[in-house]
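Structure first, then comments.
The values are calculated or read from the model by the stated rules, or taken from the named source; none is laboratory data. Treat the numbers as computed from the prediction; the structure is a model and nothing was measured. So basically every Cβ, Gly included, is an ideal-geometry build from the backbone, and we count neighbours across all protein chains shown.
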Amino acid sequence: MITKAIHICLQKAKEKQWRKTYWAFDIHGTILKPNFKQYEITKEFYPHAKEVLQLISKQKDIVKILYTCSYPNEIEQYVSYFNANGIHFDYVNENPDVADGSYGYYKEKFYFNVLMDDKAGFDGETDWLTIKRNFI
């Protein structure tokens, strides 16, 4: 469950005195409800997703990474749509802040502490409210 991943992330950050943590967010099935249309981006937020992401966007200690398989032209539209809704991402499909280190090789897979993706078990219908109640 996502709450466990966030709790572990925040606990480690405190123990290790990290100034930042890295959270990756998928779009479809996680932030926005899929519309299954090829030439039209989806714009329907899951319940509480917009509000929680607006609050997370204000957190200076969380680096927000948009994690998506969308086409480049769609990514531009999504970034604009999110910005217009007060949701801001630091990076898209990359994390240049964390280079190779003693604990990992990050040239082909970027580093993150928390992954919010329906393919990883995130439930867009319920998990945003859980995050709001427990961490924001």
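Cβ-Cβ distance below 8 Å, separation of 6 or more or different chains: which pairs start in the stretch 72-83 with a residue that is in contact (Cβ under 8 Å) with a residue 12 or more places away in the chain and end on one that is of a type outside the set (D, E, K, R) and assigned to a helix (DSSP H, G or I)?
F82/L53
Determine, yes or no, whether K43 is of a type in the set (K, R), without any contact (Cβ under 8 Å) to a residue 24 or more places away in the chain and either surrounded by fewer than 17 Cβ atoms within 10 Å (Cβ to Cβ) or assigned to a loop (DSSP other than H, G, I, E, B) (or both). Even if it seems obvious, please write down each step before you answer.
On the way: of a type in the set (K, R): yes; without any contact (Cβ under 8 Å) to a residue 24 or more places away in the chain: no; either surrounded by fewer than 17 Cβ atoms within 10 Å (Cβ to Cβ) or assigned to a loop (DSSP other than H, G, I, E, B) (or both): yes.
The answer is no for K43.
Assess whether Y111 counts as being hydroxyl-bearing (S, T, Y), exposed (fewer than 14 other Cβ atoms within 10 Å of the Cβ) and farther than 21 Å from G29 by Cβ.
Numbers: hydroxyl-bearing (S, T, Y): yes; exposed (fewer than 14 other Cβ atoms within 10 Å of the Cβ): no; farther than 21 Å from G29 by Cβ: yes.
Against the criterion (hydroxyl-bearing (S, T, Y), exposed (fewer than 14 other Cβ atoms within 10 Å of the Cβ) and farther than 21 Å from G29 by Cβ), Y111 does not qualify.
Which one of these is at pLDDT 95 or above and either under 26 Å from F36 (Cβ atoms) or in a strand (DSSP E or B) (or both): K50, K60? Spell out the reasoning first.
Numbers: K60 fails: either under 26 Å from F36 (Cβ atoms) or in a strand (DSSP E or B) (or both).
Every option except K50 fails the conditions.
Does L115 qualify as being at pLDDT 95 or above, assigned to a helix (DSSP H, G or I) and not hydroxyl-bearing (S, T, Y)?
Numbers: at pLDDT 95 or above: yes; assigned to a helix (DSSP H, G or I): no; not hydroxyl-bearing (S, T, Y): yes.
In short, no.
Here is a yes/no grid of residues against (1) among the polar types (S, T, N, Q); (2) out of contact with any strand residue (DSSP E or B) (no Cβ under 7 Å at 6 or more places or on another chain); (3) closer than 17 Å to I131 by Cα:
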site: K16; (1), (2), (3): no, yes, no
site: L32; (1), (2), (3): no, no, yes
site: E44; (1), (2), (3): no, no, no
site: A49; (1), (2), (3): no, yes, yes
site: Y67; (1), (2), (3): no, no, no
site: K107; (1), (2), (3): no, yes, no
site: F112; (1), (2), (3): no, no, no
